[in-house]
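Shown next, in structure tokens, is the structure this report addresses.
Every number in this text was worked out from the coordinates using simple rules, so none of it is lab data. Being a predicted model, the structure only gives us computed values, none of them experimental. Positions of Cβ are generated from backbone atoms using ideal geometry, with glycine treated the same way; all protein chains shown enter the neighbour counts.
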Amino acid sequence: MVSLIISLIIFFISSINFLRLIQLKDYFFPSLWAHFDYPSNYKIFFRFREIILLISWLIILSLSLKLGKFSLIDIDLVYLLFALIILIFLRKNSLRIIKWSLKGIFISVLIIFINYQILNLTQNDLSIIILLLTSSIQFSITVFALFIANILTYIYAQKIFTEAKEKIKKWKKEDSKRLIIGIGGSYGKTSTKEILSYLLEEKYKVLKSPLRLNAEIGLARFILKENLDDYDILVLELGTRKEGEIKKLVEIFSPQWIILTGLAPQHLATFGSFEKMIKGETEILSNLPANGSAFFNGQDEEVKKIYQNFDFKNKYLYGSKDSYFYFKDENFTLEETEFTFVYPEGEERLKTNLIGNHFLENLTGCLGVCFLLNIKPYELRERLLNLRLLPNQFEIIKKNNPLIINDSYNANVVGVKKEIEFLNKIWEGNKILLFGGILELGKETENIYYSLIHYFNFFDKVILTFEDYTEIFEKKLGEKIIIYQNQKLDEILKNFETSNLAILILGRIPFKLLFEIKKL
């Protein structure tokens, strides 16, 4: 019993943060290793606490060699239970944000079990307890537990993949008009999925993948849970972080129509290079049936090249002036966007509540898909004015005093540039950028950050909420740069009139800071 309670104490002191880390990385080893591409992330292994623990371990180990082993096997359970209760209370916030899925619970139990077995074998040797409390040891145990969990997940995944594939096959066979639309690309997938699904509901019963779910196991579970017979069209977001993943998704879900939204340097640390990323993303074109359709974003040069080289009957370019579907004469306000949609039957002047050039690309592709599914653009006027995206997707929190635009869910290099260009078009006053960085860029991080300097120069202040590679911006932008270190928001904004201020949030910034900004 003593060993078990000590194991639980070790878990709450040293393991729980690593459990949260592997969940943030979706239990995906390449993403976990990419986390340590940034030097500041190694600090967890070299904190003052770690040094104290290692010194204590050496002292206890030296004394035990002279005086005999120091064991806690006979320690009073009351003291241990009291310590455990206090730890649980102190870790309540961490416990709240952990995803207690079956996999999360399994990994937690396995971590505790491993620590328990080590303590049992060593009869709760104090030097071993101290060693187990170190971050390096608990990280190693967490990685091992993740490895075992991923093996079991793989076995389980093969089963549900087969079931999902058979369910899809049966659903299509029962009605040849049923359609699956797969959306791929390194950016713009989620917004395209949300827009398209809502527009198609004008005439069809549509089922879309929920929230930002785009991985194979999650999508397979989603398909198995839903009653597909209630729907005519499935719209699925298909994501990838390494070669072969999209190909697997295509094999399982067999989309007859696909949309390729854009290709930007994203997840380069897990793919290995931009070239490999392009190859991985374009796997969405594999197994496309001869009677299927493929839509390509012509505003993206890489996608346009793929369109030109893709030998397929029903392929459609959208967004650029030489496309099958495109927009022109756009007019932006903070209330709405007005534009002319050009399509094979002519032109239509339309309005949407979406704000920003980058959304017009996605919207044009969606209108093109709708047109080919016999929904005319003029039939969608009301829906275009009531489009809803997921939270933190270029979301206008406030329109004045100050203007606040929140795009904090994620950041990609193309989106960052386009959103800054848009803000520069519509706002003439002072501008502040809060930038949370772009994740998993690997060895290309420096080059990509250098490419952003021109855009960041449009701002009066740029607040960086990360530690690594900040010297790139500091060197080029000088006093414009503020490294966020828990400063008060009032201090950051003290030289700006809120009535003449726009704040743009790009990438994941600290929750505390985001909360303060939303209260302005």
Q) Going by a ≥ b ≥ c, the root eigenvalues of the Cα gyration tensor, does the range 2-151 fall in the rounded group (a/c under 1.5), the prolate group (a/b larger than b/c) or the oblate group? A) prolate
Q. Can you list residues whose amide H is under 5 Å from F466's amide H, if they're 5+ apart or on another chain and H is modeled 1.01 Å from N?
A. Y484
**Q.** Selection of trypsin sites (Lys or Arg not before Pro), the range 250-333, meeting DSSP coil and at most 13 other Cβ within 10 Å
**A.** K313, K321
Q: Under 1.5 on a/c is rounded, so check that first for the range 441-520, then, if it is not, pick prolate when a/b is larger than b/c and oblate when it is not; a ≥ b ≥ c are the square roots of the alpha carbon gyration tensor eigenvalues.
A: prolate
Q.
Please give me the summed charge of the neighbours of S101: other residues whose Cβ is under 14 Å from its Cβ, Lys and Arg +1, Asp and Glu -1.
A. +3
Q. Remind me, what semi-axes does the chain give for its equivalent ellipsoid, largest first in whole Å, using sqrt of 5 times each Cα gyration tensor eigenvalue?
A. 46, 31, 19
Q) Shape call for the range 136-189 from the C-alpha gyration tensor, a ≥ b ≥ c root eigenvalues: rounded (a/c under 1.5), prolate (a/b greater than b/c) or oblate? A) oblate
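For a quick protection proxy, order the peptides 250-259, 224-233 by their average other-Cβ count within 10 Å, most packed first. Write down the numbers at each step before the final one.
Numbers: 250-259: 21.1, 224-233: 13.1.
The most tightly packed comes first, giving 250-259, 224-233.
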Q: Can you tell me how much longer the chain between E251 and L65 gets when fully stretched, taken as 0.36 nm per residue apart minus their C-alpha distance, in nm with one decimal?
A: 60.9 nm
Q | Cβ-defined net charge surrounding N430, 11 Å radius [Lys, Arg +1; Asp, Glu -1] | A | -1
Q: Determine, from the Cβ-Cβ distance of I55 and D322 and an R0 of 45 Å, the FRET efficiency 1/(1 + (r/R0)^6), rounded to the nearest 0.05.
A: 0.10
**Q.** Within the chain, helix-based [θ] at 222 nm, where runs of 4 or more DSSP H residues each add -39,500 (n - 2.57), nearest 500
**A.** -15000 deg cm²/dmol
(Q) Suppose R0 equals 56 Å. What FRET efficiency, 1/(1 + (r/R0)^6) with r the Cβ-Cβ distance, do N150 and E491 give to the nearest 0.05? (A) 0.80
Q. Points 7 angstrom from Cα along the Cβ direction at E348 and K313: gap in nanometres?
A. 2.6
(Q) Under 8 Å for C-alpha pairs, at least 6 residues apart: give me the relative contact order for the range 395-518, rounded to a whole percent. (A) 42
Q. In nm, to one decimal, how far is the L4 label point from the N291 one, both placed 7 Å along Cα→Cβ?
A. 6.2
Q: Run the quick spin-label model on E382 and K92: label points 7 Å from Cα toward the beta carbon, then report their separation in nm to one decimal.
A: 4.8
**Q.** Percent RCO, i.e. relative contact order, over the range 175-384, from Cα pairs under 8 Å lying at least 6 residues apart
**A.** 21
Q: Run the dipole for the range 395-518 about the Cα centre, Lys and Arg Cβ at +1, Asp and Glu Cβ at -1, nothing else charged, and hand back the magnitude in debye, nearest 20.
A: 280
Q: May I ask you to order 10-20, 147-157 by the average number of other C-beta atoms within 10 Å around their residues, highest value first?
A: 10-20, 147-157
**Q.** For peptides 441-447, 110-116, 44-50, sequence by mean Cβ density within 10 Å, most packed first
**A.** 110-116, 441-447, 44-50
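Local charge sum around I183 (other residues, Cβ-Cβ under 9 Å, Lys/Arg +1, Asp/Glu -1)? Show your work: numbers first, answer last.
Working: positive: K189, K193; negative: E237.
Neighbour charge sum, excluding I183 itself: +1.
Averaging sequence separations of C-alpha pairs under 8 Å and six or more residues apart, then dividing by the length of the chain, give the relative contact order as a whole percent.
Relative contact order comes out at 12 percent.
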